[in-house]
Amino acid sequence: MLVAAFTWGDLWRLALAVFLLSAGLGLAYLLLRLGGTAGRLSAFISGAEEEILPVINKVGGSVDRVNKQLDKVDRMTDSAVDAVEGVDTAVRTVSHAVTRPVQKVSGLAAGVSYGAADFKVKRDWKHAVQAGKDAAARREQELEEDIGE
């Protein structure tokens with residue numbers, strides 16, 4: 001009979017072989033699972049690409065249409081601003097044309113009133129006329145300051 005001598009060195013080699021074999025099998029299983037996950041991820045990305053790209057194209061078309069409409073609104077607001085400026089100019093012209101005669105009439109009324117009151121008190125025609133002119137000038141100046149010309 002042949003008795004094989006089994007030494008500690010043989011035991012160490014056997015343990016190392018079992019460890020390397022189990023590590024190799026574990027890594028192979030891990031890589032197989034990782035490959036499956038990578039395949040599913042690739043399929044997910046492909047599906048997302050097929051569904052998202054048409055949406056992006058539609059959004060791009062919508063943005064282009066909105067920009068065209070905003071350009072139209074911009075032209076309309078420019079036209080409205082021009083119209084308002086025209087109306088403002090017309091109103092200022094009419095206001096100025098009406099304001100000056102109103103100042104003169106108001107000044108005349110104030111001058112006559114002050115002149116008559118001065119004549120009644122002092123009985124001096126020249127002094128009454130000068131007081132009326134001064135009052136008329138003051139009233140016209142007050143109205144001009146109030147209007148802000």
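Things to note:
- Test: residue in the range 57-75 that is without any contact (Cβ under 8 Å) to a residue 12 or more places away in the chain and hydroxyl-bearing (Ser, Thr, Tyr): yes
- Condition met for Ile56 (modelled with pLDDT of 85 or more and loosely packed, with under 10 Cβ neighbours inside 10 Å): yes
- Qualifying position, being more than 57 Å from the chain's Cα centre (by Cα), without any contact (Cβ under 8 Å) to a residue 24 or more places away in the chain and surrounded by 10 or more Cβ atoms within 10 Å (Cβ to Cβ), among Gly47, Gly39, Gly9, Gly24: Gly24
- Test: residue in the range 117-131 that is loosely packed, with under 13 Cβ neighbours inside 10 Å, in contact (Cβ under 8 Å) with a residue 24 or more places away in the chain and in a loop (DSSP other than H, G, I, E, B): no
- Of the criteria (1) surrounded by 10 or more Cβ atoms within 10 Å (Cβ to Cβ); (2) within 30 Å of Gln141 (Cβ to Cβ), which one Val18 fails: (2)
The values are calculated or read from the model by the stated rules, or taken from the named source; none is laboratory data. Small disclaimer: the values here were computed from a predicted structure and weren't measured. Here Cβ is always computed from backbone atoms with ideal geometry, including for glycine, and neighbour counts include all displayed protein chains.
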